[in-house]
Each structure stands twice: as C-alpha cells, then as structure tokens.
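Worksheet: the structure to be examined is printed underneath.
Bear in mind that the values in this text are calculations on the coordinates, not laboratory data. Given the structure is predicted, the values throughout are model-derived calculations rather than measurements. Here the Cβ positions follow ideal geometry from the backbone for every residue, glycine too, while neighbour counts run over all protein chains shown.
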Amino acid sequence: MTPETIPTAVAGTWLLGDMRVNRIGFGAMRLTGSAAFHLGTSGARGQALDVLRRAVELGVNHIDTAAFYFSRLRSANELINSALSPYQDDLVIATKVGPARDASGEWTTPARPDQLRGQVEENLRQLGRDHLDLVNLRVMGQESIAEHFGALAELRDTGLVRHLGISGIRPHHLVEAQAIAPVVCVQNRYGIDARDSEGLMRHCAAQGIAFVPFFSIAGDGRETGAPAVESPAVLAVARAHGTSSAQVRLAWTLQQGDHVLPIPGTGNPDHLIENLAAGALRLTDEEMALLSGEHSA
C-alpha cells in the first residue's frame with residue numbers, strides 16, 4: 001500500500017468516553033501559521049483548509065484545538081469550522097480552556113473558574129457547535145484544580161460539554177479531578193526524548209483513561225518542531241524501515257499502549273500523509289528497547 005491508501009484505523013481505536021476514535025488524531029495548533037502563533041503567511045489559509053479536509057477523508061476523527069490557537073491572520077477554530085462544518089457524526093473535536101490571550105495575541109492572566117464558561121462559549125461560537133465533545137482543562141501551574149474542574153463539571157451537567165479531560169498535569173491533579181467528575185483523557189507532553197509523564201501514562205492505562213501525548217515528534221523541541229539534529233537511534237531505525245524519523249517517533253509512541261492517542265499537527269499535506277502512515281509501522285522489541293534506552297533518564 002502507498003501511504004495515501006493506508007487506513008488510519010490500522011493503528012487501532014479507543015473510546016474517549018463513549019466516542020470511538022482512531023488512535024492517530026490531529027493537532028490544529030500549527031494551522032495558525034506556526035506553533036508560536038506568529039503572523040503566518042497569507043497564502044497558507046487554503047492549504048490549511050485542504051489539510052483539515054484531507055485528514056478527515058483519510059480517517060482522522062479526533063481533532064485537538066483551542067480558541068487561543070490564533071495568529072493575526074487565522075484562527076484554528078475558524079479554519080475547522082470553515083473546512084469541516086457541517087460536521088460528520090463521528091468527528092470528535094476536543095478543545096482546551098484555561099489559558100487566555102488578548103486580541104493582540106499577548107498571553108494574559110489565566111481564566112478564573114467563573115470565566116471558564118465564557119471560554120467554552122467562545123469555542124462553541126467559533127466552531128459553530130451547540131455543545132463541545134471534549135473540553136480539557138489546561139493546568140497553568142496551579143497546585144489545586146478543584147475549583148476550575150468543578151466549574152467545567154457544572155457545564156457538563158448543563159449539556160454544554162459532553163466529556164472532560166485535563167492537560168499539562170501532575171499525578172495529583174488527576175486524583176483531584178476524578179473526585180469531582182469522570183476524566184476521559186489526560187494530555188501531557190510525551191515522546192521518545194520527553195518522558196517525564198511516563199508514570200502517569202502507565203497509570204492512565206491501568207484506569208482505562210486515554211493518554212493524549214503532544215509534541216511526540218518534536219520532543220524537547222516543543223513549539224520549535226522536530227529536533228534539528230536527530231538521534232542516532234532514531235535515524236538507524238528509520239533507515240532500517242525506509243521511513244522518516246517522525247514516523248519512527250510516532251510509531252514508538254503508539255506502541256506504548258492502546259490507550260495512547262497522539263495528535264501530531266502539521267500544515268503540510270505531505271507531512272499529514274506521512275504522520276498517518278506511521279500507524280502501520282511496527283517496531284521490533286529490540287528497536288523499542290534501543291529507542292527507549294538511548295533516551296532513558
């Protein structure tokens with residue numbers, strides 16, 4: 001099969017609450033122009049719309065976004081609305097609340113619990129939805145999330161939000177949130193060379209909670225993208241399979257457990273196809289050990 005014909009479901013599926021998704025999703029952050037939300041380029045809008053439509057055509061049914069994903073030229077939520085509305089029934093759109101940016105794009109004080117409804121309603125408006133499938137509370141360094149998560153649980157009770165998750169957390173945040181309402185997913189940075197959340201990822205597996213890693217390709221590069229200098233182990237495994245380094249990184253992440261749902265993002269249609277094809281790449285136990293060992297703490 002060519003990469004374009006590899007079914008996205010080949011990597012398997014998982015239940016986000018009562019919503020079944022293919023395990024490789026799509027992160028919308030980069031569609032705004034860059035991960036750092038800079039000015040962007042005027043010719044990229046059409047390509048961003050095409051990437052979104054192509055992703056869904058290829059089987060992506062889990063898209064991660066946020067109202068604070070915007071540049072001076074475009075908004076991720078508006079792009080999703082323009083490209084995909086009316087939405088197909090099995091498409092799960094997950095968004096995040098907590099962080100805040102002003103109209104100029106500058107980061108401001110994170111939302112108080114009583115401001116989260118406004119953020120949820122802004123996501124609803126931008127996406128053209130009457131409810132949100134999944135809202136993740138992005139933790140902004142606070143020790144306790146009880147008040148913030150409790151406010152979202154109230155919105156879940158009203159029907160504005162279907163399911164809840166948490167993002168950027170430490171283990172005690174999960175315990176705290178679960179005492180308030182069901183948690184269907186945890187979003188944390190995780191990849192071959194970014195493994196601080198490994199214990200949390202295993203804990204989620206034991207509880208049947210989806211673990212949604214971000215920056216799985218970028219690793220320690222985070223917003224800057226893939227590493228400028230790739231590790232020898234990743235390069236060796238990529239050569240052995242005739243694949244890219246990004247595909248090796250995604251395959252390693254997927255093989256951490258059936259509950260792991262990476263959300264690689266791109267504005268490049270070729271990279272989209274490459275990322276989705278990583279679901280068919282199977283690494284040997286020896287390769288997994290090599291990759292894990294080189295980057296072990």
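Between the amide H of LEU132 and those of VAL161, ARG162, distances stay under 5 Å, these residues lying 5 or more places away or on another chain, with hydrogens modeled in the peptide plane. Short to long, the 5 Å bins of the Cα pair-distance histogram for region 52-201 hold 2, 9, 19, 20, 20, 16, 11, 3, 0 percent of all pairs. Amide H contacts of VAL92 (H built 1.01 Å from N, in plane; Pro and chain starts excluded): HIS62, ILE63 sit under 5 Å, all sequence-distant by 5 or more or on other chains. Values of log10 I(q)/I(0) for the chain across q = 0.10, 0.13, 0.14 Å⁻¹ run -0.50, -0.88, -1.03, by the Debye formula with one identical scatterer at each alpha carbon and no solvent.
Couplings 3J(HN,Hα) of region 149-165, computed from phi: 5, x, 5, 5, 4, 5, 5, 5, 5, 7, x, 5, 10, 8, 9, 10, x Hz, in residue order, whole Hz [Karplus 6.51 cos²θ - 1.76 cosθ + 1.60, θ = phi - 60°; x for Gly and Pro]. Across region 250-297, Cα-Cα distances exceeding 11 Å account for 70% of all pairs. Going from the residue with the fewest nearby Cβ atoms within 10 Å to the one with the most, TYR69, TYR190, TYR87 rank TYR87, TYR190, TYR69.
Going from the residue with the fewest nearby Cβ atoms within 10 Å to the one with the most, ASP64, ASP18, ASP50 rank ASP18, ASP50, ASP64. Applied to region 86-93, the Karplus parametrisation 6.51 cos²θ - 1.76 cosθ + 1.60 on θ = phi - 60° returns per-residue 3J(HN,Hα) values of x, 7, 5, 4, 8, 7, 9, 10 Hz, with x for Gly and Pro.
Exposure proxy for MET29, MET288: other Cβ atoms within 10 Å of each Cβ, ordered fewest to most, give MET288, MET29. Hey, how many Å between the Cα centroid of region 245-297 and the Cα centroid of region 104-169? First find each Cα centre; the distance between them is then 29 Å.
Both radii are taken from the alpha-carbon atoms of region 133-234; with Rh as the Kirkwood radius, Rg/Rh is 1.04. With the gyration tensor restricted to C-alpha atoms of region 78-149, the semi-axes of the equivalent ellipsoid amount to 24, 15, 10 Å, longest first.
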